[in-house]
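Novice: Here you go, one structure.
The values are calculated or read from the model by the stated rules, or taken from the named source; none is laboratory data. Note that the structure is a prediction, hence the values are computed from the model and not measured. Every residue, glycine as well, gets a Cβ built from its backbone with ideal geometry; the counts of neighbours run over all protein chains shown.
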């Protein structure tokens with residue numbers, strides 16, 4: 001019953017748990033010890049994931065580019081991407097939920113009344129399993145890690161987390177959920193060297209429906225402990241070139257610009273543009289799709305981003321500096337596009353399905 005209440009979000013702050021949520025057999029959970037990392041996330045000696053790797057795509061998904069955002073959520077997503085590209089801040093840590101699916105290893109420390117989840121970047125989650133409720137509303141506020149209560153049922157730990165809103169001053173590259181978002185995680189040791197997790201995010205203010213993410217954890221090769229640095233910025237040797245996605249200076253004029261009014265198009269008007277387009281001179285294919293009432297476009301392995309209509313054939317992105325102007329033939333069929341790429345250079349392409 002406790003698991004059901006956690007999973008459905010029925011436990012409210014101030015509501016007591018009627019039965020114990022402590023592990024029944026602590027010795028049976030020794031397998032949770034050691035160092036873990038999200039599967040596929042162990043980076044090479046360079047410390048960077050290849051942009052075309054499955055791990056990088058997994059990291060991009062955790063940021064929320066594939067989440068079912070509503071209109072307000074899309075606006076926050078675009079702002080998050082702008083901050084990331086501009087290099088507005090340094091990251092003070094990962095925070096929750098990003099710390100659960102990054103290149104940084106984790107450790108799980110299971111105690112009778114509390115489970116600690118510790119990241120290499122000094123992120124620490126306290127998951128209380130002593131049967132306490134969430135703190136009363138007047139005693140809590142948003143933090144990078146939120147407030148978590150959990151419940152053990154055999155070898156499965158279910159965690160409910162609240163108050164873990166998006167804080168770009170701490171970590172700008174994170175899903176931009178609201179302060180009222182609720183997270184429900186189910187973690188289970190399925191093999192001696194494998195943990196499975198399912199995380200569901202519930203945020204009616206910014207999501208059209210619950211968003212579910214599946215994560216697997218394995219032991220990273222050659223790593224048997226976490227080492228924590230004192231000053232995470234001391235070894236930062238990044239420079240500013242004005243365009244790099246990770247080290248660019250803030251282009252204040254771009255950030256301050258007010259987006260032009262958007263024209264609302266029907267689904268049929270957007271659907272006529274959906275398809276693949278060959279970008280001239282590059283060998284790259286741009287994928288165009290419709291999500292709700294917006295056109296989304298992107299190229300593998302880069303993320304797909306929303307574009308806003310200026311008229312039925314002209315679109316601009318707000319997350320990056322990019323425009324698309326679709327071209328048609330005499331019969332009104334879409335044959336290609338022209339516009340400005342994210343590097344500021346002209347870009348043209350042809351439809352993969354139409355002459």
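Novice: Can you pull out the residues in region 302-313 that are in contact with a helix residue (DSSP H, G or I) (Cβ under 6 Å, 6 or more places away or on another chain) and in a loop (DSSP other than H, G, I, E, B)?
Specialist: 303, 312
Novice: Could you go through region 289-299 and let me know if any residue there is more than 22 Å from residue 208 (Cα to Cα) and over 27 Å from the mean Cα position of the chain (by Cα).
Specialist: No, because not a single residue in region 289-299 is more than 22 Å from residue 208 (Cα to Cα) and over 27 Å from the mean Cα position of the chain (by Cα).
Novice: Inspect all residues belonging to region 116-124 and state whether any of them is part of a loop (DSSP other than H, G, I, E, B) and either under 20 Å from residue 204 (Cα atoms) or in contact with a strand residue (DSSP E or B) (Cβ under 6 Å, 6 or more places away or on another chain) (or both).
Specialist: Of all residues in region 116-124, those part of a loop (DSSP other than H, G, I, E, B) come to 120-123.
If we keep only those that are either under 20 Å from residue 204 (Cα atoms) or in contact with a strand residue (DSSP E or B) (Cβ under 6 Å, 6 or more places away or on another chain) (or both) as well, we get none.
No: region 116-124 contains no residue that is part of a loop (DSSP other than H, G, I, E, B) and either under 20 Å from residue 204 (Cα atoms) or in contact with a strand residue (DSSP E or B) (Cβ under 6 Å, 6 or more places away or on another chain) (or both).
Novice: Assigned to a strand (DSSP E or B), farther than 14 Å from residue 279 by Cβ and either modelled with pLDDT of 95 or more or under 26 Å from the mean Cα position of the chain (by Cα) (or both): which single residue out of 338, 316 fits that description?
Specialist: Details: 338 fails: farther than 14 Å from residue 279 by Cβ.
Testing whether each residue is assigned to a strand (DSSP E or B), farther than 14 Å from residue 279 by Cβ and either modelled with pLDDT of 95 or more or under 26 Å from the mean Cα position of the chain (by Cα) (or both) leaves just 316.
Novice: For region 128-144, indicate whether the set of residues that are within 19 Å of residue 62 (Cα to Cα), touching a helix residue (DSSP H, G or I) at 6+ places or on another chain (Cβ under 8 Å) and assigned by TED's automatic domain parsing to the domain that holds residue 22 is non-empty.
Specialist: At the first step, the residues of region 128-144 found to be within 19 Å of residue 62 (Cα to Cα) are 143-144.
Checking the rest, the ones that are also touching a helix residue (DSSP H, G or I) at 6+ places or on another chain (Cβ under 8 Å) come to none.
No.
Novice: For region 264-297, give me the residue count where each residue is touching a strand residue (DSSP E or B) at 6+ places or on another chain (Cβ under 6 Å), more than 18 Å from residue 352 (Cβ to Cβ) and without any contact (Cβ under 8 Å) to a residue 60 or more places away in the chain.
Specialist: Result for region 264-297: 1.
Novice: Taking the conditions exactly as written (without any contact (Cβ under 8 Å) to a residue 24 or more places away in the chain and on the phi > 0 side of the Ramachandran plot), does residue 154 satisfy them or not?
Specialist: On the way: without any contact (Cβ under 8 Å) to a residue 24 or more places away in the chain: no; on the phi > 0 side of the Ramachandran plot: yes.
No, not satisfied.
Novice: Within region 163-198, which residues are part of a strand (DSSP E or B) and buried (at least 21 other Cβ atoms within 10 Å of the Cβ)?
Specialist: So in region 163-198, the residues part of a strand (DSSP E or B) come out as 182-191, 194-198.
Residues satisfying the conditions are 183, 185, 187, 195.
Novice: Ok, one more. Identify, from the list 32, 69, the residue that is under 18 Å from residue 182 (Cα atoms) and modelled with pLDDT of 60 or more. I'd like the intermediate steps shown before the answer.
Specialist: On the way: 32 fails: under 18 Å from residue 182 (Cα atoms).
69 is the lone residue from the list that is under 18 Å from residue 182 (Cα atoms) and modelled with pLDDT of 60 or more.
Novice: Related question: Of the residues that make up region 214-237, is at least one over 30 Å from residue 140 (Cα atoms), loosely packed, with under 15 Cβ neighbours inside 10 Å, over 17 Å from the mean Cα position of the chain (by Cα) and at pLDDT 95 or above?
Specialist: no
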